[in-house]
Amino acid sequence: MPPVSTASKSPGRQREDTRGKSFARAPKQDRSRASFERVLDTAAKLLEEKGYANFTLSELSERSKVSIGSIYGRVTSKDDLIRLVQVRALEQYELEFAGLINRFRRRPTPLRELVPAIVRELGEFLRRHAPALNAFIQIGNVDPIVESTGKAAHQQTALDVKLLLLEHRADIRHPDPEHAVEACFSVVYSSIARHIGLGARDALGEGDWDRLLADLGQMALLFLLIDARQVDKIVR
């Protein structure tokens with residue numbers, strides 16, 4: 001069997017599963033389950049389209065064709081509904097990213113090719129889900145449960161990338177490979193987030209997207225391939 005991502009084994013993931021189950025009452029019939037799934041799908045789309053500030057249960061009810069009373073028959077509050085939507089969405093994103101990581105593992109790739117490739121994939125992944133992630137970030141500013149769930153998902157993404165790159169530890173020349181990989185992820189993630197406006201009202205979109213990802217991939221690779229002790233000697 002091919003290697004699997006650590007995502008399914010993450011303590012953070014286990015906490016999210018537990019929380020998700022506590023946010024809603026279990027359905028008694030298949031029809032009820034199907035209608036509530038429709039509510040969750042519609043709620044996720046509404047959050048992407050309008051953000052949290054303009055999200056209303058009345059519009060959710062109208063678009064999902066499920067009464068507000070029926071929605072409250074499954075959840076006790078709007079906050080619990082949003083938390084469940086977040087858990088559900090992040091579980092889907094986590095599986096998607098785990099599949100991406102495992103594709104790299106099935107296709108052995110030299111570090112010089114892997115780093116630019118994973119940077120690009122991370123960028124496209126974040127940009128693809130930016131509307132929903134932005135909504136959850138906004139909600140997390142006022143809801144500590146949503147904030148905690150989001151942080152756990154972010155940490156899992158960072159861990160998956162870190163473990164993938166550290167499989168090439170022998171090719172990393174930085175004296176502290178784990179620190180180097182973590183620093184690369186932090187800088188790359190922050191730069192991508194700034195470009196697509198994660199956590200901001202509007203995407204900044206500074207510069208060319210493809211050039212940004214290419215530059216970040218090259219910078220991260222060079223940081224991993226250069227022995228910082230040699231750089232210190234050159235600077236001196």
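The values are calculated or read from the model by the stated rules, or taken from the named source; none is laboratory data. Worth saying up front: this structure is predicted, and the values here are computed from it rather than measured. Ideal geometry is used to build each Cβ from the backbone, glycine not excepted, and the neighbour counts take in all protein chains shown.
The figures follow:
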read-out	value
Cross-chain or 6+ apart pairs with Cβ under 6 Å, region 100-113 first and on the phi > 0 side of the Ramachandran plot, then surrounded by 15 or more Cβ atoms within 10 Å (Cβ to Cβ)	none
Which numbered condition Ala53 misses (of (1) in contact with an Asp or Glu (Cβ under 7 Å, 6 or more places away or on another chain); (2) within 28 Å of Gly123 (Cβ to Cβ))	(1)
Residue list for region 84-111, restricted to those being among the aliphatic types (A, V, I, L, M) and more than 18 Å from the chain's Cα centre (by Cα)	Leu111
Helices (runs of 4 or more DSSP H) wholly inside region 8-95 that include at least 3 residues being under 30 Å from Val161 (Cα atoms), in contact with a helix residue (DSSP H, G or I) (Cβ under 7 Å, 6 or more places away or on another chain) and at pLDDT 90 or above	30-50
Region 130-152, residues that are farther than 14 Å from Lys78 by Cα and either outside any helix (DSSP H, G or I) or in contact with a strand residue (DSSP E or B) (Cβ under 6 Å, 6 or more places away or on another chain) (or both)	Asn141
Residue identified as buried (at least 21 other Cβ atoms within 10 Å of the Cβ), touching a Pro at 6+ places or on another chain (Cβ under 9 Å) and more than 25 Å from Ile82 (Cα to Cα) among Ala214, Ala220	Ala220
Candidates Leu114, Leu122, Leu81 - the one that is buried (at least 20 other Cβ atoms within 10 Å of the Cβ), more than 18 Å from the chain's Cα centre (by Cα) and closer than 28 Å to Ser186 by Cβ	Leu114
Residue check for Ser77: touching a Ser or Thr at 6+ places or on another chain (Cβ under 8 Å) and polar (S, T, N, Q)	no
Test for Leu114: is it under 30 Å from Leu225 (Cβ atoms) and in a helix (DSSP H, G or I)	yes
Residue within region 173-185 that is in contact with a Cys (Cβ under 9 Å, 6 or more places away or on another chain), farther than 22 Å from Gly51 by Cα and either in a helix (DSSP H, G or I) or at pLDDT below 95 (or both) present	no
